[in-house]
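The block underneath contains the structure these notes are about, expressed in structure tokens.
We did not get these values from a lab; they are worked out from the coordinates using the rules stated. A quick note: this is a predicted structure, and the numbers were derived from the prediction, not measured. Don't worry about glycine lacking a Cβ; one is built from the backbone with ideal geometry, like all the others, and counts go over all protein chains shown.
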Amino acid sequence: MWSVLWLCFASVLVSPISQNHMISSNVQTVTLGAGCFWCVEAVFESIPGVISAVSGYSGGNIKNPGYREVCTGRTGHAEVVQVTFDSDIVKLEVILDVFFATHDPTTLNRQGADVGTQYRSAIYFHEESQEAIVEAALRRAQADWDKPIVTEVTAFDVFYPAEDYHQAYYELNREAPYCRAVIAPKMAKFRKEFAAKLSLD
């Protein structure tokens with residue numbers, strides 16, 4: 001009797017772990033810099049299959065930077081969004097096509113009126129297998145631009161989440177001037193171009 005009870009108890013403990021392992025095997029992460037992270041996060045969190053899109057900082061040379069430090073350009077960090085997605089629903093190739101279509105990857109350290117190294121175009125890949133996919137996406141994107149793409153492609157090192165007030169910024173502040181003037185038009189363009197491909201609402 002005790003052996004039967006133990007087997008039942010053990011199955012309860014093991015099953016969730018096994019299920020989580022099965023789910024996580026299809027989950028990938030890529031970290032993307034494309035100017036102000038408010039814009040980038042708004043785009044990617046609206047894509048079916050994206051589990052999370054978190055604003056933060058990568059590519060710098062100090063630990064735990066704050067927004068004010070990053071804005072000086074002296075920490076070397078880029079404003080980025082760490083995108084975690086279910087690759088059974090949305091492929092990395094599509095994530096990268098959206099990335100290149102929703103910012104200007106040919107302007108060095110600049111997106112529109114946002115100027116500084118923290119606004120550079122950057123892709124930080126998390127797995128070796130992602131590097132070839134990133135390079136292929138860059139080549140596809142280059143065909144759409146007359147000027148050379150200057151996107152930094154680097155193996156991921158570390159990601160520092162931005163302060164709470166930066167997270168889900170567009171969702172929570174749609175009437176703010178920056179959201180209305182910059183993010184809303186970017187979202188409209190993104191939806192027009194990718195609505196059918198991504199089955200956007």
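Shown here for the stretch 109-201: GluC sites (Glu not before Pro) in loop regions (DSSP other than H, G, I, E, B) with at most 13 other Cβ atoms within 10 Å, namely E127, E163, E175. The slack between E171 and D104, meaning 0.36 nm per residue of separation minus the straight C-alpha distance, is 21.8 nm. Under the simplified labelling scheme, the A143-Y67 pair shows an inter-label distance of 4.0 nm, with each label point 7 Å from Cα along Cα→Cβ. Rounded to the nearest 20 debye, the dipole magnitude of the chain is 380 debye, with +1 charges on Lys and Arg beta carbons, -1 on Asp and Glu beta carbons, and the Cα centre as origin.
What helices in the chain pass both tests, a Cα length along the helix axis of 30 Å or more and a mean Kyte hydropathy of 0.0 or higher, using whole DSSP H runs? Passing helices, by number: 2-24.
Here's how it looks for Y57: its modeled amide H is under 5 Å from those of V80, Y160, A162, which are all 5 or more places away or on a different chain. Backbone N atoms of the stretch 105-134 closer than 13 Å to the 7 Å Cα→Cβ label point of E193 belong to residues 105-106.
Between L172, L32, L96, the residue with the greatest mean-square fluctuation in the GNM of the chain (Cα pairs under 10 Å linked by springs) is L172.
Taking a ≥ b ≥ c as the square roots of the eigenvalues of the Cα gyration tensor, an a/c ratio below 1.5 marks the stretch 89-201 as rounded.
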